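A.B. asks: First the structure, which I've put down as structure tokens, then a few questions once you've had a look.
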Amino acid sequence: MLRPLRSIALAVAVTAALTTSVASQSLLDRTPNLSGGWLGERGTLQFNFLHRFSVGDPPTRKVTNTPTFLLSYRLPFPVVIGMNYATSSDVVTTPALPNEWEAFARYARFGAAVQLGYNQAARSADGELSAGRIVGPVRLLAVARFLSKGYGTDTTRYALGAGATLKVHRWIALAGDVTSLFDRRPGEKAAWGAALQLAIPYSPHTLSLQVTNTTTGTLQGASRGVDKVRGGFEFTIPFTLSRYFGRRKTAQSGEGAAAGGTVVEMRAMAFAPTRIEVSAGTTVEWTNRDQLPHTITADDGSWDSGPIAAGATWRHTFTAAGTFAFHCTPHPFMTGVVVVK
Ligand SMILES: [Cu+2]
């Protein structure tokens, strides 16, 4: 009992000393079986789907799909709440429960994250401590997990895992991980995963093409390897709720955000600054610093730049006072606001 606790405390101390936080939810920052301690962007609803496929024994060689769906929401403070739902789960085999739910909350600070949750299939309170450190193009990850009722038994189980991502390009990373339960039982293998992680250029989505010997994406599922290799993919979809409901994001973005500034840049799929304040009669100038066209489109449709080519500039004169929210039509997550006084 004490030995695993000591090991976990050691792992946490080591990983906490190596901290770098990653706010975004990008598969380029994590591996198939480690969360990487992500939170997602503030006010963002995250929907990820993970599908893993295995081929059964002859003669039928039935293909089984084990999907895990993640829905999570990043709160205004550094906490994400979420749930995983998986089918064809093997976390609990007796009684046969093919469906698995896990609800969790994760808090991250200084590059380390604490996750606590409840796995309904195993009737288990599960937790994870994770930490990451970025060293050049490499992100190192480590986790320590406890499962109060591992795999539906009355036994508390512990696991330690480590992994790394290697960014080989702005949009491409390689990822791998190994996680092991303490005192593995017959049939329980060390869990491993290897993946090609891809960002979909000029979109907020990322895609993972992976092989692993785990089944579901919950803490229990990701901690135990089985005697079967699965191939699969994961896809991440963030929804910026503030875009659809109520208040717009109005954060100042530093340079160029000084009062009276009339120049906005479109850079890395975002407006900078996202908010400017001008007096009536002012001409605001938008310059596209990206390699693809953007638009400046009033949310109420009252004006629209049409496509602004890479490197081009578009101007609009604001004659009346008011608050004018705008977005980019092809990239609706790009939003900004002009306040005319
Ligand atoms: Cu755009």
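The values are calculated or read from the model by the stated rules, or taken from the named source; none is laboratory data. Predicted model, so just to flag it, every value in this text is computed and none were measured. A quick note on method: Cβ atoms are made from the backbone with ideal geometry, for glycine too, and the neighbour counts reach across all protein chains shown. These accessible areas exclude ligands, DNA and RNA; they are computed on the full protein's heavy atoms, side chains included. Shrake-Rupley method; radii C 1.70, N 1.55, O 1.52, S 1.80 Å.
A.B. asks: Please list, in order along region 72-78, the HN-Hα scalar couplings obtained from phi with the Karplus expression 6.51 cos²θ - 1.76 cosθ + 1.60 (θ = phi - 60°), rounded to whole Hz, x for Gly and Pro.
C.D. replies: The phi angles translate into 9, 9, 8, 6, x, 9, x Hz.
A.B. asks: Between beta-carbons, use under 11 Å as the cut-off and find the net charge around Leu28, counting Lys and Arg +1, Asp and Glu -1.
C.D. replies: The answer is +3.
A.B. asks: Val55 to Thr323: extension gain in nm, 0.36 nm per residue of separation minus the Cα-Cα distance? Before the final figure, lay out each step's value.
C.D. replies: Numbers: separation 268, 0.36 × 268 = 96.48 nm, distance 5.70 nm.
Using 0.36 nm per residue and subtracting the Cα-Cα distance, I get 90.8 nm.
A.B. asks: Also, quick follow-up: Cα centroid distance between region 276-321 and region 100-178, in Å?
C.D. replies: Region 276-321 and region 100-178 have Cα centres spaced 43 Å from each other.
A.B. asks: Another question about this same structure. Counting only heavy atoms of the protein chains, get the accessible area per residue of the chain (1.4 Å probe) and round it to a whole Å² value.
C.D. replies: Computed with neighbouring chains in place, this is 47 Å² per residue.
A.B. asks: What share of all Cα pairs of region 105-219, in percent, falls into each consecutive 5 Å distance bin?
C.D. replies: With a bin width of 5 Å, the distribution comes to 2, 10, 17, 20, 20, 15, 8, 5, 1, 0.
A.B. asks: Keeping the other protein chains in place, figure out the carbon and sulfur percent of the accessible area of the chain, with a 1.4 Å probe.
C.D. replies: C and S atoms contribute 62 percent here.
A.B. asks: Measure nothing but the geometry: give the 0 to 90° angle between the long axis through the Cα atoms of 2-16 and the longest principal axis through the Cα atoms of the chain, rounded to 10°.
C.D. replies: So the inclination is approximately 20 degrees.
A.B. asks: Using only Cα atoms, figure out Rg for the chain and give it as a multiple of 2.2 N^0.38 Å.
C.D. replies: On the way: Rg = 23.1 Å, N = 341, 2.2 N^0.38 = 20.2 Å.
Compactness ratio reported: 1.15.
A.B. asks: For the pair Val114/Val135, report the inter-label distance in nm, with labels modelled 7 Å from Cα in the Cβ direction.
C.D. replies: Going from the Val114 label point to the Val135 one covers 2.7 nm.
A.B. asks: How big is the charge dipole of the chain about its Cα centre, in debye rounded to the nearest 20, if each Lys and Arg gets +1 on its Cβ and each Asp and Glu gets -1 on its Cβ?
C.D. replies: That gives the chain a dipole magnitude of about 660 debye.
A.B. asks: When the solvent-accessible surface of protein heavy atoms is calculated with a 1.4 angstrom probe, in what order do Trp38, Trp192 fall, highest first?
C.D. replies: The ranking, largest first, comes out as Trp192, Trp38.
A.B. asks: Taking 35 Å as R0, compute the FRET efficiency from the Cβ-Cβ separation of Leu71 and His169 and round it to 0.05. Provide the component values of the computation, followed by the final result.
C.D. replies: On the way: r = 30 Å, r/R0 = 0.85.
The computed FRET efficiency comes out at 0.75.
A.B. asks: Follow-up. Take every Cα pair under 8 Å in the chain that's 6+ residues apart, average their separations, divide by the length, and report that relative contact order as a whole percent.
C.D. replies: Once divided by the residue count of the chain, the mean separation gives 14 percent.
A.B. asks: For a quick protection proxy, order the peptides 71-82, 101-112 by their average other-Cβ count within 10 Å, most packed first.
C.D. replies: By packing density, highest mean first, the sequence is 101-112, 71-82.
A.B. asks: To continue, here is another question. Could you sort Arg224, Arg145 by accessible area so the largest value comes first, with the probe set to 1.4 Å?
C.D. replies: Arg224, Arg145
A.B. asks: Which of Ala144, Gly56, Thr335 sits closest to the plus end of the dipole of the chain, meaning its Cα is farthest towards the positive end, when Lys and Arg get +1 and Asp and Glu get -1 on the C-beta?
C.D. replies: About the Cα centre, the residue reaching furthest to the positive side is Ala144.
A.B. asks: Given 10 Å bins starting at zero, what is the percent of C-alpha pairs of region 279-341 in each, up to the one with the largest pair distance?
C.D. replies: In whole percents, the pair-distance histogram is 23, 55, 21, 1.
A.B. asks: Using only DSSP helix segments of four residues or longer, with each worth -39500 (n - 2.57), what per-residue ellipticity at 222 nm results for the chain after dividing by its residue count and rounding to 500? Numbers along the way, then the final one.
C.D. replies: Details: 3 runs with 24 residues, N = 341.
Mean residue ellipticity, 222 nm, calculated: -2000 deg cm²/dmol.
A.B. asks: Related question: What FRET efficiency comes out for the pair Asp183/Asp227, r = Cβ-Cβ distance, R0 = 22 Å, nearest 0.05?
C.D. replies: FRET efficiency, Asp183 to Asp227: 0.75.
A.B. asks: Could you please report the charge total around Glu234, scoring K, R as +1 and D, E as -1 over all other residues with beta-carbon less than 15 angstrom from its beta-carbon? Before the final figure, lay out each step's value.
C.D. replies: Working: positive: Arg30, Arg52, Arg230; negative: Asp29, Asp177.
Charge balance in the 15 Å sphere: +1.
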